[in-house]
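The values are calculated or read from the model by the stated rules, or taken from the named source; none is laboratory data. Keep in mind it's a predicted model, so treat the numbers as computed, not measured. Heads up, the Cβs are rebuilt from the backbone with ideal geometry, glycines too, and the neighbour counts pull from every protein chain shown. All accessible areas refer to the heavy atoms of the entire protein, side chains included, with ligands and DNA or RNA removed. Shrake-Rupley method; radii C 1.70, N 1.55, O 1.52, S 1.80 Å.
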Amino acid sequence: MQTGVTYDTGFVGRGRRSTRTAFDPDVVRQEMEIIRRDLRCDAVRITGGDQDRLALAARCAADAGLEVWYSPFTCDLSPDELVEFLAESAERAERLRKRGAEVVLLTGSELSLFTTGFLPGPTLDDRLALLGQPDRLRKAVPEVPARINDFLAEAVGVVRARFGGRVSYASLPVDGVDWTPFDIISSDAGYRSAETAGGFASSIRDAVAQGKPFAVTEFGCTTYRGAAAMGGRGDSVIEWGPGGAPLRLRGQHIRDEQEQARYVSELLEIFAVAGVHTAFVNTFARYDLPHRGGHLEDDLDLVSYGIVKVLERTTGTRYPHLPWEPKASFDALAAFGHSQGTADSTCRPGNKR
């Protein structure tokens, strides 16, 4: 099984603050080298809504010897706007592929929530609110798959006219995707929670048995005690301000890096046994959720899925030139990669060093 990590270049939307305000190319290059060399990852899923940042991070990843999953993750675009975005992304990904890099292109991410026109609501906040209204949600969900598949059929055609590599899509279960036009089946719903734990392993085996390579494009755990039971809802205890700015945590939470690390290790083992093609831990770093001392309600890193804790106004000790420190989950992912016998990065295609 290939192991990887998602890498946020900045999630942006209309009227929303970016999840990554600073974007230093030298830092990106160093982080990609660490992902390959020290985390022993085979691949990286590069997400975000800025074309230049996506392309720069993808080049750095390829130069480090990583397989690049080029993954536009946009917010509140219309379907027509997203098609235009994907067309440009395909052209940029193809230029990278022609340099010799291994590139997989995703035709968007979680469209039913993050793109207009599939679920009711003009903004992401409106659509997220719908999740807490079961009656309205039940009425809306049956219409989603037809809309999603009509869009994806068009998007795949646009992308394949410009890109010669493998194509996939980072899906949610509600999307009801017809995977016929894709090379790889991919799901962002790789989270095990208390509610799904009993049937989690069998659900992964069922997904693998669909007849095409299956990738878990997102899974992970936040960094407080009890977060493993929350799965993909681990960040639900944060209070957000205007424009998606994180403010503080609700309630009292105990920092627990070991729980996050165990969760990552356990799910990687489940995925490997089931025959998953590639699994991406969510995420390398959440630059908008820094680690803070003092009162725990101010330590935003507790609700970060990042495997490094981002530091404010200082640098780390293990990597003295970078503004973060590895968590226990960083070492857990590295240990799994080592156990899989991941080769040194100098042997990987696309390495230009």
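If you average 1/r over all unlike Cα pairs in segment 86-184 and invert the result, what Kirkwood radius do you get in angstrom? Could the numbers behind the result be given before it?
On the way: mean 1/r = 0.0691 Å⁻¹.
Here the Kirkwood hydrodynamic radius works out to 14.5 Å.
Of all accessible surface on segment 116-176 at a 1.4 Å probe, what whole percent is carbon and sulfur?
Working: 1730 of 2980 Å².
In segment 116-176, the share of accessible area belonging to carbon and sulfur is 58 percent.
Taking amide hydrogens as placed 1.01 Å from N in the peptide plane, the amide H of Arg99 sits under 5 Å from that of no residue at least 5 positions away in sequence or on another chain. Sorting the Cα pairs of segment 1-140 by distance into bins of 10 Å, from 0 upward, gives 12, 38, 30, 16, 4, 0 percent per bin.
Suppose accessible area is computed on protein heavy atoms with a 1.4 Å probe; arrange Asp298, Asp52 from highest to lowest. Intermediate results must be reported in sequence, preceding the final value.
Details: Asp298 55, Asp52 100 Å².
My answer, sorted largest first, is Asp52, Asp298.
Which order do you get for Val12, Val167 if you rank them by accessible area with a 1.4 Å probe, largest at the top? Don't skip to the answer; put the middle values down first.
Details: Val12 55, Val167 0 Å².
Per-residue accessible area, sorted high to low, gives Val12, Val167.
Accessible surface of Phe214, taken over heavy atoms with a 1.4 Å probe and every protein chain present, rounds to 20 Å².
Treating each Cα of segment 163-293 as an identical point scatterer and summing with the Debye formula, the log10 of I(q)/I(0) at q = 0.11, 0.16 Å⁻¹ comes to -0.46, -0.88. On a per residue basis, the convex hull of the C-alpha atoms belonging to segment 192-266 measures out at 115 Å³.
Please give the per residue accessible area of segment 1-133, computed with a probe of 1.4 Å over protein heavy atoms only, in Å². Kindly include the intermediate steps, with their values, before the conclusion.
Working: 4430 Å² over 133 residues.
Spelled out: the 1.4 Å probe surface of segment 1-133, per residue, equals 33 Å².
Expressed as a whole percent, the proportion of Cα-Cα pairs in segment 287-339 lying more than 13 Å apart is 59%.
Each Lys and Arg adds +1 at its Cβ and each Asp and Glu adds -1 at its Cβ; summed about the Cα centre, the chain shows a dipole of about 540 debye. Note on Ser339: accessible area approximately 80 square angstrom, rounded to 10, probe 1.4 Å, nucleic acids and ligands left out. For segment 81-87, 3J(HN,Hα) computed residue by residue from phi via the Karplus equation (6.51, -1.76, 1.60; θ = phi - 60°) reads 5, 5, 4, 4, 4, 5, 4 Hz, glycine and proline entered as x. The trypsin sites (Lys or Arg not before Pro) of segment 239-316 that meet both conditions, a loop assignment by DSSP and at most 14 other Cβ atoms within 10 Å of the site Cβ, are Arg250, Arg313. With K and R counted +1 and D and E -1, the other residues having a Cβ less than 15 Å from that of Gly132 yield a net charge of +2. Karplus-based coupling profile of segment 105-116, in residue order and whole Hz: 10, 9, 8, x, 9, 6, 4, 4, 8, 9, 10, 6, with θ = phi - 60° in 6.51 cos²θ - 1.76 cosθ + 1.60 and x standing for Gly or Pro. According to the calculation over all Cα-Cα pairs in the chain, the P(r) per 10 Å bin from zero is 5, 25, 37, 26, 6, 0 %. Using the Cβ of Gly190 as centre and a radius below 14 Å, the other residues enclosed give a net charge of -2, where K and R count +1 and D and E count -1.
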